[in-house]
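The values are calculated or read from the model by the stated rules, or taken from the named source; none is laboratory data. Since the model is a prediction, treat every value here as computed from it, not as a measurement. Here the Cβ positions follow ideal geometry from the backbone for every residue, glycine too, while neighbour counts run over all protein chains shown.
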Amino acid sequence: MSDTTREAAEAAAFRRLVAHLQKRTDVQNIDMMNLAGFCRNCLADWLREALAERGVALSKDEARTEIYGMAPDAWKAKYQREASAEQQAKFETVMKGKE
């Protein structure tokens, strides 16, 4: 497989993941962090870092808007639910493991 083909396939997979996450507004970021160790915000940070490596500046909010499909504050107001005590406790455990 050529590098060009691999990069095109990876880009298509990334776009499909972003579209999937934009449709799955029922999936909370804290649940993604607790289960997979990353969330929409992480994905936005990775996008911003990859663009910066290529000389393209994107703000944190601009990158998150790309991933969320809307302004992050609008997404939070519309879809984000209060994390339960159980979710928060698991998140603390997960984050301690990343140190």
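Out of the stretch 8-35, which residues are surrounded by 11 or more Cβ atoms within 10 Å (Cβ to Cβ), free of Cβ contacts under 8 Å to residues at least 24 places away in the same chain and in a helix (DSSP H, G or I)?
Of everything in the stretch 8-35, those that are surrounded by 11 or more Cβ atoms within 10 Å (Cβ to Cβ), free of Cβ contacts under 8 Å to residues at least 24 places away in the same chain and in a helix (DSSP H, G or I) turn out to be Ala8, Ala9, Phe14, Ala19, Met32, Leu35.
With the condition kept exactly as written, say whether any residue in the stretch 52-63 is closer than 23 Å to Ala13 by Cα, surrounded by 14 or more Cβ atoms within 10 Å (Cβ to Cβ), in contact with a Phe, Trp or Tyr (Cβ under 6 Å, 6 or more places away or on another chain) and modelled with pLDDT of 95 or more.
Taking every residue of the stretch 52-63 in turn, none turns out to be closer than 23 Å to Ala13 by Cα, surrounded by 14 or more Cβ atoms within 10 Å (Cβ to Cβ), in contact with a Phe, Trp or Tyr (Cβ under 6 Å, 6 or more places away or on another chain) and modelled with pLDDT of 95 or more.
Give the stretch 82-94 a look and list any residue that's in a helix (DSSP H, G or I), surrounded by 10 or more Cβ atoms within 10 Å (Cβ to Cβ) and either in contact (Cβ under 8 Å) with a residue 60 or more places away in the chain or of a type in the set (Gly, Ala, Ser) (or both), or say none.
Once the filter is applied, which keeps residues that are in a helix (DSSP H, G or I), surrounded by 10 or more Cβ atoms within 10 Å (Cβ to Cβ) and either in contact (Cβ under 8 Å) with a residue 60 or more places away in the chain or of a type in the set (Gly, Ala, Ser) (or both), the stretch 82-94 yields Ala89, Phe91, Val94.
Any residue in the stretch 57-70 that's more than 10 Å from Leu47 (Cα to Cα): show its pairings with residues that are exposed (fewer than 15 other Cβ atoms within 10 Å of the Cβ) and among the acidic types (Asp, Glu) at Cβ separation under 9 Å, as long as the two are six or more apart or on different chains.
Asp61/Asp73
Restricting to the stretch 36-51, and then to whatever is surrounded by 13 or more Cβ atoms within 10 Å (Cβ to Cβ) and among the charged types (D, E, K, R), can you tell me which residue is nearest to Phe91 (Cα to Cα)?
Arg40
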